[in-house]
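The next block holds one structure in the form of structure tokens; read it before the comments.
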Amino acid sequence: MSQYLIEAVISCTLLGFISGFLGNFLVVRKMALFGDMIGHAVLPGVCIGFFLSAYEKNIFFIFFGALGAAFVANALHEFLSNKLRIKPDASLAINLTGFYAIGSTMMAWLKDSGKAGQTGLDRYLLGQASSISREDLSFIAVLTLIIVASIFIFYKEIKAACFDYQFSKASGLKPQVFLIFLSSLIAANVIVSLQAVGVILACAFLVIPAATTVFYSQKLLSRLFLGALFGALAGFAGAFFSLSDANVPTGPSIILVSAFVFVLSGIFGPENGWFRKKLGTWKDKRQHQTEDFLRCAYYFYEKSHENKAQLEGVFKRSGIKNPKLFERIRKRLVRGKVIKMNGEDSVSLTDKGLTLAADMVRKHRLWELYLVQMMNFPPERVHANAERVEHLITDKILKEIEDTLSNPDVDPHGKVIPSLNDLRKHGVPGY
Amino acid sequence: MLTQDAIWISLSAFAVAATCSLMGYYLTLRKQSLFGDALSHSLLPGLVLAFVISGSIGGLPMLIGAIVAGLLCSFLIEEIRNQSHIKEDTSMGIVFTSMFALGVLMLSQVGANVHLDTQCVLFGELLFVPLEDSVNVLGINFPEPTAQLILSFGIVSLFCKLFHKEFIILAFHEGVAKSLGLPTKFLHYLMMALASIAIVASFELVGAILVIGFLILPPSFGKLFFSTFKGIYLSGLAMSAFSIVLAIPLSFSFNLNPASLIIVLQFLIFVVVFTIKYLSSTRNSQNLSARGRHHA
């Protein structure tokens, strides 16, 4: 690969790094579509910069032209939205398409004058990595440094302004100043990434890598770096694909790579990923099966005061329809040393099993009592609900219920609410 | 026959405005104008796929491709929002850009074609309406795209007529619509499907990005003066018609893209009228408060 292509790939990787980094602020501030508007709105600025630099593709002229257009669009959006029944969404759409139309008319005019065709103004629409020059690369590198440095210098202020504007204002942190500063950084980022991804996909370059991080962490700082990592990955791979096939514009190629990473993260991500969620429900289900089994075995223990239950009876009482499933649960519990078999068809609870069972029954009955006493449910209607809720009561909630009901002994059906003391009284070994 | 071409082009542009601003009215009312943006971008892969399968542009395959892509887009936006901590705007920003990128990539692999290429997606080709392929209806030779546009206007306006009340309630308050027993999910997807029809009919002529202008600008303009559906829709349409009549001859004489020029004019008209209206309204309120103080 030639020197020249390597520079293009490095530029796209750097751009991805910085976009993924800054994009997090766009995502947390719910401004993704604002980014889209800015992306489209810089087009006239690019054309003016192009014109002013006498049809040379000078990055300084184009950068400041585009920055000017972004400021005008932002000001117009502020003016239009929420006044005279024009809502912010309509104002964004109006500015987006209006500026884009002005830009494309300018482009057509520049093209018509015959000088713009070859120098690649077209490449600003969908991006073309091969048009990035060495001069551009150094500009991008400097801007990357500026953006990362200024975010870290003002990290506390920017974070406060993004998450709690009122608090930040009351603390004298001047959130309005920092939000404008942040918006300018975002606009600058959008502008430099135009050559890589183009005006139409500029917002996606910021938003998709940053949104991917929600599947990994909830902390802003780690999300900033993860976003930068995903962005850099997308920039690198996307530029690589696009440069190896001249027909493929760089923008779509980069965006598709980041969309692919997003989908993978959505499926396998450790934080709320699809797979993790499914695993969670599967674990819950197993837990509930175990707890139901133990509660049913405890019922027979309570009835006969003998730690021995017929499997047949537990099966009937458990409400499980499928005998094979029941058999599997039983085997699992034996393996887990929660129950032990007395011959073929009778089980008893081990010490561990008895504690778990008593705990479950205690939660069940306390909840029944709570529903009756605190919420005036009729006693005959609380059982079904308690059977579901018993699995969800944590120790902390249990303590609250105990305190509220002042440690009762008997449930609404007159049954003893088991406690560890009761177990000792009944002479259960090990207590 | 420059003049006859100009008339057909203006008529087509007007049909685009009539169809799109009808759907745009409901979208702005629901405060979901940017759904128009999302839909117009995300139709692309559906269109390219329909084009590859059927081998022709326009007609039923394109319509089906567009509706499927449009519904898929709104479904994905909903799903990402429901299944994760990602908010609606971000979810939209992810879905439509990815679908658009996919469409452009597919297009680059299919290769350039006379009617469907990147240029058409970006700017539309109102100037190159294939006027030769005409359809004979009632003894008049309509150019094919114009005829298609008029047909889709018929479909869209028929459904809007039937579901007008439901759409309005949905826009007003989704909770109220639900409590009245309206099938809100169905209505939402119906609206998206209709918007997809409106967009696909206009796509070839004005491109993916300018179509948002045709959707949102006229009803927003109408809202400055009216509050009823009829008033908003008709005044918006009058404003579009004015821009079209002005833009087409200008684009002919300066060799510019008419679709862009129409949007530029609509945008400028909107901003100027908005500013005048805003200034006069603040002056009125100042006068009122001044008079109020005087009386007090």
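The values are calculated or read from the model by the stated rules, or taken from the named source; none is laboratory data. Just so we're clear, the structure is a prediction, and the values are computed from it rather than from any experiment. Counting neighbours? That spans all protein chains shown, and the Cβs are built from the backbone with ideal geometry, glycine included.
A few notes on this one:
- Close pairs from segment A:265-280: first within 11 Å of another protein chain (Cβ to nearest Cβ) and surrounded by 13 or more Cβ atoms within 10 Å (Cβ to Cβ), partner among the aromatic types (F, W, Y) and part of a loop (DSSP other than H, G, I, E, B), Cβ under 8 Å, at least 6 apart: A:S265/A:Y216; A:G269/A:Y216; A:E271/A:Y216
- Of all the listed residues (B:S235, B:S251, B:S260), the sole one being in contact (Cβ under 8 Å) with a residue 12 or more places away in the chain, in contact with a Phe, Trp or Tyr (Cβ under 7 Å, 6 or more places away or on another chain) and more than 24 Å from B:L43 (Cα to Cα) is B:S235.
- Residue match in segment A:56-65 (condition: touching a strand residue (DSSP E or B) at 6+ places or on another chain (Cβ under 9 Å) and buried (at least 16 other Cβ atoms within 10 Å of the Cβ)): no
- Of all residues in segment B:1-25, those being of a type outside the set (A, V, I, L, M, F, W, C) and either assigned to a loop (DSSP other than H, G, I, E, B) or crowded, with 24+ Cβ neighbours inside 10 Å (or both) number 5.
- With a requirement of 1 or more residues that are of a type in the set (F, W, Y), the helices (runs of 4 or more DSSP H) lying completely within segment B:160-265 that satisfy it span B:184-223, B:229-254.
- Inclusion of A:A75 among residues that are hydrophobic (A, V, I, L, M, F, W, C), more than 9 Å from every other protein chain (Cβ to nearest Cβ) and either in a helix (DSSP H, G or I) or touching a helix residue (DSSP H, G or I) at 6+ places or on another chain (Cβ under 7 Å) (or both) is warranted.
- Every condition in (1) surrounded by 14 or more Cβ atoms within 10 Å (Cβ to Cβ); (2) more than 14 Å from every other protein chain (Cβ to nearest Cβ); (3) assigned to a helix (DSSP H, G or I) holds for A:L173 except the one numbered (3).
- A:G68 being assigned to a helix (DSSP H, G or I), surrounded by 17 or more Cβ atoms within 10 Å (Cβ to Cβ) and at negative phi: no
- Breaking point among (1) under 18 Å from B:H85 (Cα atoms); (2) within 14 Å of chain B (Cβ to nearest Cβ), for A:I186: (1)
- Qualifying residue in segment A:49-65 (condition: under 24 Å from the mean Cα position of the chain (by Cα) and modelled with pLDDT under 85): no
- Within segment A:240-260, the set of residues being within 8 Å of chain B (Cβ to nearest Cβ), more than 20 Å from A:G227 (Cβ to Cβ) and either of a type in the set (V, I, T) or part of a helix (DSSP H, G or I) (or both) comprises A:V248, A:P252.
- Residue satisfying condition, being at the interface with chain A (Cβ under 10 Å from one of its Cβ atoms), farther than 28 Å from A:K111 by Cα and surrounded by 13 or more Cβ atoms within 10 Å (Cβ to Cβ), within set B:L261, B:L224: B:L224
- Residue list for segment A:356-379, restricted to those being without any contact (Cβ under 8 Å) to a residue 12 or more places away in the chain and at negative phi: A:D359, A:M375, A:F377, A:P378
- Only residues that are in a helix (DSSP H, G or I) and surrounded by fewer than 23 Cβ atoms within 10 Å (Cβ to Cβ) were counted across segment B:27-47, and they come to 1.
- Filtered by the rule that a residue be surrounded by 20 or more Cβ atoms within 10 Å (Cβ to Cβ), within 12 Å of chain B (Cβ to nearest Cβ) and not small (G, A, S), segment A:214-239 gives A:V214, A:F215, A:R223.
- Among the residues making up segment B:11-46, those that are away from chain A (no Cβ under 14 Å), of a type in the set (A, V, I, L, M, F, W, C) and in contact with a Leu (Cβ under 7 Å, 6 or more places away or on another chain) are B:A15, B:A18.
- Exactly one residue out of A:K396, A:K331, A:K352 is within 38 Å of the chain's Cα centre (by Cα), surrounded by fewer than 20 Cβ atoms within 10 Å (Cβ to Cβ), among the basic types (K, R) and part of a helix (DSSP H, G or I): that is A:K396.
- Residue list for segment A:78-106, filter: more than 7 Å from chain B (Cβ to nearest Cβ) and either touching an Asp or Glu at 6+ places or on another chain (Cβ under 8 Å) or under 20 Å from B:T275 (Cβ atoms) (or both): A:E78, A:F79, A:S81, A:N82, A:P88, A:S91, A:N95, A:F99
To keep it simple, each residue is scored yes or no on (1) surrounded by 24 or more Cβ atoms within 10 Å (Cβ to Cβ); (2) among the acidic types (D, E); (3) under 22 Å from A:I200 (Cβ atoms).
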{"site": "A:I18", "(1), (2), (3)": "yes, no, yes"}
{"site": "A:P44", "(1), (2), (3)": "yes, no, yes"}
{"site": "A:I48", "(1), (2), (3)": "no, no, yes"}
{"site": "A:S81", "(1), (2), (3)": "no, no, no"}
{"site": "A:I94", "(1), (2), (3)": "yes, no, yes"}
{"site": "A:T97", "(1), (2), (3)": "yes, no, yes"}
{"site": "A:A101", "(1), (2), (3)": "yes, no, yes"}
{"site": "A:S104", "(1), (2), (3)": "yes, no, yes"}
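- Given (1) under 22 Å from A:A196 (Cβ atoms); (2) surrounded by fewer than 20 Cβ atoms within 10 Å (Cβ to Cβ); (3) not basic (K, R), number of the condition A:A259 does not satisfy: (2)
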